[in-house]
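Q: First, the structure itself, so that you have it in front of you.
Quick note: the coordinates plus some simple rules give every number you see, no bench work behind them. Source: prediction; values computed, not measured. Every residue, glycine among them, receives a Cβ derived from its backbone with ideal geometry; neighbour counts consider all protein chains shown.
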Amino acid sequence: MNCTRILVFATAILLHISCNKKLANERVIWTKQLDSLVTQEHQSAHFHGGIIVSKDSEVIYEKYIGIANRGSSTPIDWQTKFDIASVNKSFICALILKAVEGGKLSLNDKLVDVLKGYSFGGSFHSEITIHHLMCHLSGLPDYDAIDIDLKENSFKKFKGSSFTNPEYVDFISRLTPVNAPNTSFHYSNFAYHLLAIILENTYQQSFDVVLSKNLTKPLGLNQTVAEMHSRNNITNLADGYLFDKTNNHWNKQMDIDLSLGRRIFSTVHDLNRWGQVMSNPGYLSEQSLALMQTNHLAKITKEVSYGYGWAIFDENKGGRMGNLNINKKYIIHGGSTDGYKAMLVNINNNEYVISFLSNHGYEEELSLTKKIVNILKL
């Protein structure tokens, strides 16, 4: 019996050593291939940024390349912060769910009720709920619905607009709805801007304070901030750039007012850790995490699969938004704003988490993600 136990134990040790050796060999291969990929994307498609791939919550690849600030030639490194653009939607949804867990809000709260302290010249459909706002079923429009003069020069006038909360609620209330709530998916940034205002009303604090007290500090995401006043208050911030083909010049983008939509800035490392939180109950309950990662559009459309702040690809597959053409389940969201690009993917409950951020108008974020998963043989 003792000999049998010793044999089993020895076999287990050998298997463990063999698995570790195999993983180490794979990492060497991955690193070489990923380094080659990032260099190629930098040279051919102007990728300036950082990438992290983690496996089972351990970083297996980390790379930084390019320039954070062209004026000072500051290189991008692990401390560089970027605007995460629409990846902020998962943060906003998590804050809403945290408020729901604390009894401060309900997902079934009507928009007209939570905004009852505001007077506005337009109107909101009486049946829009917080749930509808979070999964793009509110019927509210997106930026294409604003007046033509605000759209000119790539929305320059709108991006530079500064609104108080009452002014912004009034502005959104005057936009023509796309459809009635809960009838059709329509991606709406305005819906999420209203969610940020709802959070400020709920906590009676500005969004940067709400984010810090209720999310980043509890999770130790110390390099993730919201800033509503001056970019100079953000340490190690990469500037956003877009290429002017006419003048063959990189133009720094400074148009967007920091109060517009409640901007979040983060590092690639913090973003990867945030992706891992989605598979680790604790900060959010299992029920809240399940709600974030449930396709709430199943009865509405087969074209898109969306939860709360995430495109969802589960055992029922997903839709066109964020499709990586892999067989494993995953959640994904990208973002784009004025030169900044962001991507965050959690594959198979932290088996792999891929995060990257860039600042030079990189246009191939989904394509790059597909190339990464191909290297990982997913």
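Q: When 228, 254, 278, 134 are ordered from fewest to most other Cβ atoms inside 10 Å of their Cβ, what list results?
A: Ranking 228, 254, 278, 134 by Cβ neighbours within 10 Å, fewest first, gives 254, 228, 278, 134.
Q: Neighbouring Cβ atoms within 10 Å as the yardstick, rank 185, 243 fewest first.
A: So the ranking, lowest neighbour count to highest, is 243, 185.
Q: Nearest 500 deg cm²/dmol is fine: what mean residue ellipticity at 222 nm does the chain get from its DSSP H runs of n ≥ 4 alone, each adding -39,500 (n - 2.57), divided by its residue count?
A: One gets -11500 deg cm²/dmol as the mean residue ellipticity at 222 nm.
Q: Next question, about the same structure. Sort the following peptides by mean Cβ neighbour count (other Cβ atoms within 10 Å, averaged over residues), highest first: 74-87, 160-173.
A: Those peptides, ordered most packed to least, come out 74-87, 160-173.
Q: Say the cut-off is 29 Å between C-alpha atoms; which of 217/377; 55/159; 32/370; 32/217; 151/217; 63/217 go over it?
A: 217/377; 55/159; 32/217; 151/217, as the Cα separations exceed 29 Å there.
Q: Still on this model: Of the labelled options (i) 22.0; (ii) 25.2; (iii) 23.7, which one gives Kirkwood radius over Cα pairs in Å as computed for this structure?
A: Of the labelled values, this structure produces (i).
Q: Return a whole-number percent for the relative contact order of region 48-376, with Cα pairs under 8 Å and 6 or more residues apart as the contact set.
A: 25
Q: Here is a follow-up. If you bin every alpha carbon distance in region 128-268 into 5 Å steps from zero, what whole percent lands in each bin?
A: Distribution as computed: 2, 9, 15, 19, 18, 17, 12, 6, 2, 0 percent.
Q: In what sequence do 39, 31, 337 fall when counting other Cβ within 10 Å, fewest first?
A: Going from sparsest to densest Cβ surroundings: 39, 31, 337.
Q: Rounded to the nearest Å, what's the spacing between the alpha carbon centres of region 41-88 and region 286-336? Just the number, please.
A: Each part reduced to its Cα centre gives a spacing of 25 Å.
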